[in-house]
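Q: This is the structure, below, for whatever I ask next.
Every number in this text was worked out from the coordinates using simple rules, so none of it is lab data. Please read all numbers here as calculations on a predicted model, not as lab measurements. So basically every Cβ, Gly included, is an ideal-geometry build from the backbone, and we count neighbours across all protein chains shown.
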Amino acid sequence: MPETSSQQAPLPSREGPSREGPGRERPGRDALDRGGDQLADFEEAFRLAKHALAHASVSLFARHGVYEGQQFVLRRLWREDGLTPGQIARKLGLATPTVTRAATRMEVAGLLRREPHPTDGRLVRLVLTDRGRELERVIVPEMRALAEQTLTGFSTEERAELIEALRRVHRNLADG
């Protein structure tokens with residue numbers, strides 16, 4: 001199934017074909033529990049989940065005329081309107097020219113406008129238009145519904161554990 005499909009690809013079966021080549025058996029469940037294929041299984045599960053959530057999120061924003069990459073700038077401005085492109089870039093871990101290009105397209109689409117910085121004439125602030133602000137009232141409830149769909153079947157405790165596990169993954173990689 002192609003990754004661009006809106007359907008989620010199933011996780012590979014543990015009983016499926018061997019990764020080691022024809023005629024070779026995959027390790028048994030005990031070996032997997034000891035880490036034999038656990039890292040590969042983690043990578044695959046994480047990739048599939050990340051892809052499915054990213055695809056659903058991009059599709060949700062695109063239905064409202066916000067295109068890939070712009071949603072991050074828009075969400076940042078919903079939290080803190082009037083930032084400079086450089087401030088947004090630092091907060092999102094992006095290059096300033098990347099934010100500037102997205103802002104140009106967003107300005108053409110009527111989502112934001114550029115205003116002179118009040119104390120530094122070399123800088124501009126990105127300020128949401130009424131349309132950009134209105135999208136918050138429309139998109140945020142849809143994002144909450146998407147998050148709820150994503151976590152369907154997880155208990156409150158499992159949700160908290162998943163959130164903490166993902167934060168730990170981030171810390172592990174951010175520290176390295």
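Q: Across region 75-81, in residue order, what do the Karplus-derived ³J(HN,Hα) couplings come to in whole Hz, using 6.51 cos²θ - 1.76 cosθ + 1.60 with θ = phi - 60° and x for Gly and Pro?
A: 5, 5, 5, 4, 6, 8, 6
Q: Between Met143 and Ala174, what is the label-point separation in nm under the 7 Å Cα-to-beta-carbon projection?
A: Result for the modelled spin labels: 1.8 nm.
Q: Here is a further query. Give me the distance between the Cα centres of region 103-121 and region 152-176, rounded to whole Å.
A: About 36 Å separates the Cα centre of region 103-121 from the one of region 152-176.
Q: Name the long-range amide H neighbours of Leu83: under 5 Å, sequence gap of 5 or more, or other chain; modelled H, no Pro or chain starts.
A: Leu126
Q: Another one. Based on the Cβ-Cβ distance of Phe154 and Leu48, what FRET efficiency does E = 1/(1 + (r/R0)^6) give at R0 = 25 Å, to the nearest 0.05?
A: The value I calculate is 0.90.
Q: Using only the alpha carbon atoms of region 29-174, find the Kirkwood hydrodynamic radius as the inverse mean reciprocal pair distance, in angstroms to one decimal.
A: By the Kirkwood definition, the hydrodynamic radius is 17.7 Å.
Q: Can I ask one more? How high is the relative contact order of region 29-174? Use alpha-carbon pairs under 8 Å, at least six apart in sequence, and give a whole percent.
A: Worked out over region 29-174, it gives 19 percent.
Q: Using 0.36 nm per residue, how much length does the chain from Lys91 to Ala165 gain when fully extended, once their Cα-Cα distance is taken away?
A: Full extension from Lys91 to Ala165 adds 24.4 nm.
Q: Give me the mean projected area, in nm² to one decimal, of the convex hull enclosing the Cα positions of region 55-123.
A: About 4.8 nm², averaged over all directions.
Q: Among Pro118, Gly82, His64, which residue has its Cα positioned farthest towards the positive end of the charge dipole of region 29-174, with +1 placed on the Cβ of Lys and Arg, -1 on the Cβ of Asp and Glu, and the dipole taken about the Cα centre?
A: Looking along the dipole axis, the top candidate is Pro118.
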